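Step one of this worksheet: look at the structure below.
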Amino acid sequence: MTVLTTTFNEQRSSLAVLRFDESNHFYDIANFGFFVYLMTDFVLFSGLFAVYAVLHNNTAGGPTGSTLFNLHNVLTETLLLLTSSFTCGLSILSLRHRNKHKVLIYLAITFILGALFLILELSEFKHLINTGNSWRRSGFLSSFFVLVSTHGLHILIGLIWMIVMFIRILKRGLSRASVRRLTLFSLFWHFLDIIWIFIFSIVYLYGALNL
Amino acid sequence: MIVASFWLGRLNSHIFPTDIITLGAALSILFGGVVTVIVVTYYKKWHYLWRELFTSVDHKKIGIMYIIVAILMLIRGGIDALMMRAQQATSVGTSHGVLATSTFQQVFSAHGTIMIFFAAMGLMFGIINLVLPLQIGTRDVAFPFLNLTSFWLFVAGMILINLSLGIGQFSAAGWLAYPPLSELKYSPGVGVDYWIWSLQIAGIGSLMSGINFLTTIIKKRAPGMKFMKMPMFSWSVLCAMTLVVFAFPILTVTLSLLFLDRTLGMHFFTAGHGGNMMMYVNLIWAWGHPEVYILILPAFGVFSEVVATFSRKRLFGYRTMVWALILITILSFSVWLHHFFTMGAGADVNGFFGIMTMIIAIPTGVKIFNWLFTMFHGKIHFSAPMYWFLGFVGLFTIGGVAGVIMAIPPADFQFHNSLFLVAHFHTMIVSGVLFGYFAGIHYWFPKIFGYKLDEKLGRVSFYMWFIGFLLAFIPLYILGFLGATRRIDHYSASLGWQPLFIIAGVGVVIIAGAVAVSILQQIVSYRNRHQLLDLTGDPWNGRTLEWSVPSPAPYYNFATIPIVHDRDAFWVSKNESKEKKRVLEITDILMPVNAPVAVYIGICAMLFGFSMIWHIWWLSIVSLVIFFIVLMIRISDENPYYLLSAQKIIEHEGNI
Amino acid sequence: MNKMISRVYNAPTKAEGTFNGYLIGFILSLILTISAYFLTIKHSLSRNLLVVLIAVFAISQFFIQLIFFLHLFKDSKPRYRLLVFVFMICIVLILVGGSLWIMTNLNYDTSLSHEIQYMNNQGGGL
C-alpha cells in the first residue's frame, strides 16, 4: 500500500497522514461538487434571463434599453472580463510549474481587471440612477438591474475570494488546499465570463436593436 | 409605510400578538423552549449535546436531528390543521367560528409552508442522511461539513417561521404567496417577509444538500456498484437530488425578486409599472412542481426497499423502475402549468401541459404495478412498514386518479381552488410522502439505534392514520364537488356542508391521536429496548449494504469498504459459502472533525434573515461580517480530519 | 517521496489545458465579441439577420469557453460533468422556452391585456 506521509499543517502534524489516492479522490469529488454548484448557478441566471425576457418591453412609459445603454462602455467591460478570464487561466497554468511567483502575479492581474469591470459597472448604475432611471422606474429596469447586478455580485464574491487566496498563497505557499481552491476559483471565474457573454448579447446588443 | 428606526428597524411595541390563540401558541413554544433548556442544564448535557450532536458531521446524527426537527414541525403544522378544521366545522351561518379571519389566513399559510418545507423536507433529508451513505457503501457524504451547514440553515429557517408567532405576524397570503396580494401594497406587514426569508434560508440549505448527495452518489459508491447495481432507494435519491439541484435555484430567484419588490420598490410582480404578477406564478410552479416529486421520489425508494425485503423477493422490474424514475425526473420539469390552467393561457398551452401531466402518470403507474408484482408469489412478512406500504398503494391510487381528472384542463376549471384539489394533494402527500417516511423510520430505526420499534403500536398508529385520513379527506372530495372553495372561513348554513366538515374534523382528531401513538411507540420501545435489541445487524433479513454492518451502525460505517457484485449486494453475500468471503483488511481511516462553524453559520443566517425582515440594516452587515469571519476560520484549517487508527476500529468491531 | 508529492500537486491540473489552448480560446472569444459589437453599431445588416448572427456568435463563444477554459469535454471517463451539463441545458431550455411560451400566450389571450398594457404605459396601478 502506498502511504504518503507529509506534514502540511503544523498544528495537526500528527494527524496529517493522507493516503495518496484519497487525496486525489477528494480533489475529484470537490471538483465535481463545485461543478454541480455552477450548474445550479446557471439555472439561477436562466431564471433571471427568463424574467428579463418577459419584462424587457414593460417600460411603463419609461426609456427603453436602446436609449439608455452606452455600448462603448459595455464593450470595455466585456474585454476586461474576457482578459481577466484569460489571465486566470494563465495563473492555473503556472500552478502546474509550481511557480508561486507567477501564480500570484497573474492572480493580481485578474483581480485588477475584475475590479475595473466592477467599477465600470457601478458607474453605469450610478449614471442610470442619477438620470432618474433607477430600478423603481419600470419592470424593465428592475429586471435589468437585478440580472446585471446579480452577475456583479458574483464578481464581487470572486474578488474577495481572490484576496483571501492571494494572502494565503503568499503566507503558506502552494499548499494542497490552496491548489484545490485556486482550481475551483478558476472554474467560477470562467463561468462568470460565460454568463457575461449572454448578458452582453441579450441585454445590451439585443437591447440596442430594440428587440 | 412604517417609519423604520436605525437600531430597531421596523420593530416597535405593537409587534406582540394580541389575540389569545396566537399569544397562547407563542407562549407555549416559549415555555417548551425554556423547559427544554432547564432540563438540559439540570442534567448537565449541554457539552454532550454540543459535541455529540450539534457539531457532529456524522451523517447518521445529522439525520436524527433532521427527523426530530421535522416531527416537531409536523406537530406544529398539525395543530394548525386542527385549528383550521375547528374553524370550518363551527363557522357557519351566524356563528363566526373560533378564529378571527386574519388569524385563520395566517394559520393556513403557516400550515402549508411548515408542512412542505419543514416537516416533509425535513423527514426526507433525515431519512436520506440516515441511510444513503450506508446503502451505497461509503463512510460519509461527499462534503460532511456542508451537510451539517445545510442542517443548521434548515433550523435557521425553522426558527424564523416560528418566531413569527411571537414577534410580528406570519404571512396571510397562502403557502405560495401569490402577488399582488403578497406585494407591499396589499401585505404591508412583516408576514410575507417572514415567509420569504424562512424559505430562502431553508431553501439554500436544501440546495446545498442536493449538491452534496448528488456528488455523494455519483462519486462515492462502493467499488463495483455500477449504476444498474445501485439499490432502488439510492436511485430514487439520485433522481430527487437532481431535481433539487435544478429546481431550487428557481425558488431562490423567485423569492429574491419578491423580496426586492417589497423592499427596494422594484416592479417584477407588481400591478402596474410594468410588473407581471403572472410571471411569479409561472416561476414559483416551475420550482413547485419538481418540488412535489422531490418529496415523493425518496418515499418511492423507501417503499421499493420495504416491499422487496418483506416479500423476500428481488424487486420486480428493476430496470423499468429505474427508467420510470428517470422519466419522472425529466417530465416533472414540463408539467408546471397544470397548477394554473385557469390563469388565462390559450388552448394549445393548456392542452400541451394537460397531456404532459397525463403522461407523467404512466411511469408512476408502472412503479405501482412493479411493487404489486414484487409481492406476487413472495413470502410476505406483515411488519409495520408493510402496513404503511399497503395503505399507501390504496390511497395513492385514489389520489393519483383524482390528479389525472384534474389534468384535463376544462375539468380543472371546475376543480381549481376547490376542496377537491386540497383533498387530492393531501392524498398524494400524506399517503405518499408521510407514509413512506414513517415506513422508512420503522424500517431503518434498528440500524441507527440498535433496537427495533414496537410492532403493535406501529400498527395501531398506522390504522389510526389510515382511518383518520379517510375521514378527514373523503368529505373534502365531496365538498369540493359541492362547490366549497379552499381556504373558506365561513359559509351559509343553507348549503348543508357542516356535517361533512365535522366528519373531516373528527378525522383530524384521530390523526392527532395517531401521532400521539407514534410518540408512545417511541417511549415504549425505548423502555423495552433490551427485548427489542437487534444483535445481528440484520433484523429484517435485508438485501442491501446497510444491513451488513452491526446495529447501531458504527460511526465510521464500514470497517472495510465492501466490494459490490450484485444489485442486492448483502443478500447475495449472505447466501454465499463462507470460504468465498473476502478476508477483511482493516486500515486507518481519515475522519472529519466536528464543525462548530456550521452552527455559527446557521446563527448568522438566522440573524441575517431576521434583520432583513425587520429592516435592521446594521444587523445584516454585522451578521455578514461574522459569517465571513467564521468562514475564514473554517478555511484556515486546511486539514479538518483526524486519523482513526485500525487498532481502534478493531476494538470497536470486537465489542459488538 | 519527492516524486509522489509532485504527483499530488499536479493532480488537480492534469485535466487543465495548455497555454496554446487558453490563447486560442481567448483570441476566438475576442474576435466573436468585437464582431458582434461592430455589426450591432454599424447597422449595415438587416435586423433579423443581425439578431440571428448575435445569437450564433454568443452560442459559439459559449462553447469555445467551455472547451478552452472550462475543459468540459476533456473529462476523463465516465463523463459525469458532461452529463450534468447536458441535463442542465435541457432544463434551462424547458424553463426559459416554456416560460416565454406561456407568458406570450397569456398576453395574447388575456382579454385584459390591452388595458394592462395601457395602464402600464400610464405608469399607474390597476
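Annotations for the structure displayed:
- All conditions in (1) out of contact with any Phe, Trp or Tyr (no Cβ under 9 Å at 6 or more places or on another chain); (2) of a type outside the set (Lys, Arg); (3) more than 12 Å from chain C (Cβ to nearest Cβ) hold for residue B:269, with the sole exception of (1).
- The criterion of being over 22 Å from residue B:388 (Cα atoms), open to solvent by less than 40 Å² (accessible area, probe 1.4 Å) and touching a helix residue (DSSP H, G or I) at 6+ places or on another chain (Cβ under 7 Å) does not hold for residue B:457.
- Selection status of residue B:195, over 15 Å from the mean Cα position of the chain (by Cα), open to solvent by 10 Å² or more (accessible area, probe 1.4 Å) and in contact (Cβ under 8 Å) with a residue 24 or more places away in the chain: no
- Residue B:237 being within 11 Å of chain A (Cβ to nearest Cβ), assigned to a helix (DSSP H, G or I) and among the β-branched types (Val, Ile, Thr): no
- Residues that are under 18 Å from residue A:110 (Cα atoms) and free of Cβ contacts under 8 Å to residues at least 12 places away in the same chain, drawn from the range A:62-90: A:75, A:79, A:86
- In a residue-by-residue description of the range B:412-419, the property of being of a type in the set (Gly, Ala, Ser) and either open to solvent by 20 Å² or more (accessible area, probe 1.4 Å) or part of a helix (DSSP H, G or I) (or both) applies to no position.
Per-residue answers, yes or no, for (1) at pLDDT below 90; (2) touching a Lys or Arg at 6+ places or on another chain (Cβ under 8 Å); (3) open to solvent by 30 Å² or more (accessible area, probe 1.4 Å):
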| position | (1), (2), (3) |
| --- | --- |
| B:536 | yes, no, yes |
| B:540 | no, no, no |
| B:544 | no, no, no |
| B:564 | no, yes, no |
| B:598 | no, no, no |
| B:608 | no, no, yes |
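- The residues on offer are A:58, A:24, A:73, and the sole one that is open to solvent by 20 Å² or more (accessible area, probe 1.4 Å), facing another protein chain (nearest Cβ under 7 Å) and at pLDDT 90 or above is A:58.
- Residue that is surrounded by the fewest Cβ atoms within 10 Å (Cβ to Cβ), among those in the range B:123-169 that are of a type in the set (S, T, N, Q) and part of a helix (DSSP H, G or I): B:162
- Qualifying residue in the range B:388-407 (condition: closer than 26 Å to residue B:531 by Cβ and touching a residue at least 40 places away in the same chain (Cβ under 8 Å)): yes
- Filtered residue count, the range A:95-112, keeping only those that are at the interface with chain C (Cβ under 10 Å from one of its Cβ atoms) and out of contact with any Pro (no Cβ under 8 Å at 6 or more places or on another chain): 3
- Looking only at residues of the range B:621-654 that are surrounded by 18 or more Cβ atoms within 10 Å (Cβ to Cβ) and more than 14 Å from every other protein chain (Cβ to nearest Cβ), we find that the one that is farthest from residue B:204 (Cα to Cα) is B:649.
- Scan the range B:470-514 for residues that are open to solvent by 30 Å² or more (accessible area, probe 1.4 Å) and hydrophobic (A, V, I, L, M, F, W, C) and the total you get is 15.
- Residues located in the range A:185-203, provided they are farther than 16 Å from residue A:111 by Cα and in contact with a Phe, Trp or Tyr (Cβ under 8 Å, 6 or more places away or on another chain): A:194, A:195, A:197, A:198, A:201, A:202, A:203
- Of the residues screened, residue B:437 is not one that is at negative phi and either more than 24 Å from the chain's Cα centre (by Cα) or of a type in the set (S, T, N, Q) (or both).
- Within the range A:137-176, the set of residues being more than 20 Å from the chain's Cα centre (by Cα), under 24 Å from residue C:70 (Cβ atoms) and part of a helix (DSSP H, G or I) comprises A:176 only.
- Counting only helices (runs of 4 or more DSSP H) that sit wholly inside the range C:9-126, those with at least 2 residues that are modelled with pLDDT under 95 and within 14 Å of chain B (Cβ to nearest Cβ) are C:80-109, C:113-122.
Yes/no matrix, rows are residues, columns are (1) within 11 Å of chain B (Cβ to nearest Cβ); (2) at pLDDT below 95; (3) crowded, with 20+ Cβ neighbours inside 10 Å:
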site	(1), (2), (3)
A:142	yes, no, yes
A:145	yes, no, yes
A:150	yes, no, no
A:156	no, no, no
A:162	no, no, yes
A:171	yes, yes, no
A:175	yes, yes, no
A:182	no, yes, yes
A:185	no, no, yes
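- Residue within the range B:119-138 that is at pLDDT 95 or above and under 19 Å from residue B:165 (Cα atoms) present: yes
The values are calculated or read from the model by the stated rules, or taken from the named source; none is laboratory data. Please read all numbers here as calculations on a predicted model, not as lab measurements. Cβ atoms come from the backbone with ideal geometry, glycine included; neighbour counts cover every protein chain shown. Note: areas computed on protein heavy atoms with side chains; ligands, DNA, RNA excluded. Shrake-Rupley method; radii C 1.70, N 1.55, O 1.52, S 1.80 Å.
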